[in-house]
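In what follows, a single structure is set out as structure tokens and then discussed.
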Amino acid sequence: MNLYLISKLQSIKQRIGYYNQQMIINPWPHMKNYYGCLINNEIVKLQVLIGEMYEQEKSENGVRQVKELTLEELSKYDGANGAPAYIAIDGIVYDVSLSPVWAGGTHYGLYAGRDLTTEFKNCHKGQMSILENLPKVGNLKV
């Protein structure tokens with residue numbers, strides 16, 4: 001199993017444990033609700049991570065089918081309401097759902113669910129190494 005996925009899994013587990021502990025010891029109902037919402041958010045991240053692990057296992061067994069997403073399909077993965085957050089750069093679709101700089105599907109005024117090739121190249125001057133640790137979902141269908 002990928003060390004990136006293992007570290008993400010451990011991080012989610014720690015946050016769920018912390019939020020659960022806070023929910024138990026906190027006497028105020030609105031704070032219990034707040035920590036419950038944070039736990040739900042972590043569960044969504046966990047579901048995405050399980051999907052990534054499943055995809056990685058399939059690819060290691062040589063069975064993986066590369067997804068091809070149209071711009072319309074990509075737009076559904078905007079990170080809103082617990083949906084995964086995907087972006088496309090140079091025809092490759094990346095999952096930024098677990099990236100802290102893409103919280104809620106936004107990053108410095110940019111929104112997930114789009115082809116951000118131009119914006120990426122203008123901002124990062126072709127530093128493709130930034131994308132190396134992001135899970136690849138598939139390709140953008142043109």
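The values are calculated or read from the model by the stated rules, or taken from the named source; none is laboratory data. Being a predicted model, the structure only gives us computed values, none of them experimental. We place every Cβ from the backbone using ideal geometry, glycine too, and count neighbours over all the protein chains shown.
Being β-branched (Val, Ile, Thr) and closer than 20 Å to Trp102 by Cα is the filter here, so list the residues in region 17-48 that pass it.
Ile39, Ile43, Val44, Val48
Quick one: is Lys32 charged (D, E, K, R), part of a helix (DSSP H, G or I), surrounded by 12 or more Cβ atoms within 10 Å (Cβ to Cβ) and at pLDDT 90 or above?
yes
Can you tell me how many residues in region 99-127 are within 18 Å of the chain's Cα centre (by Cα) and loosely packed, with under 15 Cβ neighbours inside 10 Å?
Number satisfying all stated conditions: 7.
With respect to Lys58, is the statement that it is of a type in the set (D, E, K, R) and either at pLDDT 80 or above or surrounded by fewer than 12 Cβ atoms within 10 Å (Cβ to Cβ) (or both) true?
no
Any residue in region 95-106 that is in the same structural domain as Glu132 (by TED's automatic domain parsing) and more than 13 Å from Val44 (Cα to Cα) sitting within a Cβ distance under 6 Å of a residue that is buried (at least 21 other Cβ atoms within 10 Å of the Cβ) and of a type in the set (Ser, Thr, Tyr)? List the pairs, counting only those 6 or more apart or interchain.
Asp95/Tyr86
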